[in-house]
1. Name every residue in the range 220-239 that is farther than 25 Å from LYS27 by Cα, in a loop (DSSP other than H, G, I, E, B) and not charged (D, E, K, R), in order of residue number.
2. Let me confirm something: among LEU174, LEU162, which residue is buried (at least 21 other Cβ atoms within 10 Å of the Cβ), aliphatic (A, V, I, L, M) and either in contact with a Pro (Cβ under 9 Å, 6 or more places away or on another chain) or part of a helix (DSSP H, G or I) (or both)?
3. Residue pairs, Cβ under 8 Å, 6 or more apart or interchain, first in the range 137-157 and touching a residue at least 24 places away in the same chain (Cβ under 8 Å) and closer than 11 Å to ALA177 by Cα, second assigned to a helix (DSSP H, G or I) and of a type in the set (Lys, Arg). List them.
4. Any idea which of (1) over 30 Å from ASP124 (Cα atoms); (2) charged (D, E, K, R); (3) in contact (Cβ under 8 Å) with a residue 60 or more places away in the chain is the one ARG219 doesn't satisfy?
5. Applying the selection to the range 224-256, what residues are within 23 Å of the chain's Cα centre (by Cα) and over 27 Å from ALA34 (Cα atoms)?
6. Can you find a residue that is touching a Ser or Thr at 6+ places or on another chain (Cβ under 7 Å) and more than 17 Å from VAL287 (Cα to Cα) anywhere in the range 250-262?
7. Restricting the search to the range 115-146, which residues are of a type in the set (S, T, N, Q) and in a loop (DSSP other than H, G, I, E, B)?
8. When residues of the range 99-119 are filtered for being surrounded by 19 or more Cβ atoms within 10 Å (Cβ to Cβ) and either more than 30 Å from HIS45 (Cβ to Cβ) or among the small types (Gly, Ala, Ser) (or both), how many remain?
Amino acid sequence: MASKVPVVKLLNGYTIPQIGLGTWKSKPGEVTQAVKDAIDIGYRHIDCAHIYGNEREVGEAIAAKINEGVVKREDLFITSKLWNTYHRPDLVRGALLTTLKDLGLKYLDLYLIHWPQAYKEGGDNFPTDENGKILVSDVDYVDTWRAMEPLVGEGLVRSIGLSNFNKRQVLRVLEIATVKPVTNQVECHPYFNQARLKAFCAQHGITITAYSPLGSPDRPWAKPEDPQLLLDPQLVAIAQRLGKTVAQVVLRYQIERGNIVLPKSVNKDRIASNFNIFDFKLSQEDVSLLDSFDRPNGRLVPMTASYGHEHHPFENDEY
């Protein structure tokens with residue numbers, strides 16, 4: 001099953017499976033079995049992050065499947081992310097070593113700066129003042145990037161990249177980088193297709209990795225009046241015509257666009273269904289229709305907690 005998954009070649013020559021299992025919001029008590037199921041189904045790309053609070057359990061699943069002989073470490077592509085409270089250059093390596101220890105790995109295939117905005121170091125993951133406002137750090141993400149680069153030379157990570165960076169911020173990193181970012185992992189789905197950012201990143205050989213590709217219907221801050229991607233009548237019609245689920249259609253949309261895509265689920269049947277997207281294609285007409293769904297207010301993961309931060313990526317209608 002894994003062999004049918006297409007790969008995307010990164011600018012440094014490594015390849016990444018085009019579909020991966022997302023683990024955001026996957027509870028520690030559920031994620032171990034979810035990752036085991038995913039590997040059995042054929043996933044070879046697992047997307048993790050320190051802030052998800054479940055890397056130890058993800059690591060247990062990886063170890064179990066390696067010990068069972070289902071996969072070897074080199075068969076897997078494991079991503080993690082540097083959290084906002086560890087942006088200070090002297091903290092970057094230690095944060096990575098903690099992630100490696102939790103995952104039970106000697107190296108990561110990909111390590112990302114999770115967000116461009118830094119938070120106050122040494123306390124909670126979301127440090128706040130007495131009024132509940134995020135306490136920020138004045139660390140500039142370009143200095144964080146400089147601290148990421150030696151990790152590649154040490155063999156602790158194979159590739160490094162960005163997450164939630166806008167065009168201007170990607171450009172600032174490129175201006176100082178001696179090791180270029182290979183991807184920018186961002187929210188991406190038909191209601192928010194990131195066409196402008198994708199085109200800009202492509203000019204520099206940077207791939208787009210799509211998180212929340214299904215519209216993140218289980219996001220805690222969702223409101224009843226928010227649009228529900230998976231119930232969109234036009235998508236339902238396409239899915240019925242193709243004999244597929246709406247989720248499969250919107251995941252295939254990312255594959256057709258050349259993006260890497262990260263559906264998240266802890267349900268074995270849905271994990272399997274999300275993976276079953278390589279036996280059909282969307283027509284150019286279908287892709288163009290899905291492209292037209294993009295909307296100005298389509299962003300569903302705005303990271304409002306740190307609005308006002310100097311380096312918040314989304315506040316000024318930047319892409």
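The values are calculated or read from the model by the stated rules, or taken from the named source; none is laboratory data. Treat the numbers as computed from the prediction; the structure is a model and nothing was measured. Quick reminder, even Gly has a Cβ in these numbers, built from the backbone with ideal geometry, and neighbours come from all protein chains shown.
1. PRO227
2. From the options LEU174, LEU162, the qualifying one is LEU162.
3. Short answer, once both residue conditions are applied: VAL142/ARG172; ALA147/ARG93.
4. The number of the failed condition is (1).
5. ASP226, PRO227, listed by residue number.
6. Yes, because at least one residue in the range 250-262 is touching a Ser or Thr at 6+ places or on another chain (Cβ under 7 Å) and more than 17 Å from VAL287 (Cα to Cα).
7. GLN117, ASN125, ASN131, SER137
8. Residues in the range 99-119 being surrounded by 19 or more Cβ atoms within 10 Å (Cβ to Cβ) and either more than 30 Å from HIS45 (Cβ to Cβ) or among the small types (Gly, Ala, Ser) (or both): 1 in total.
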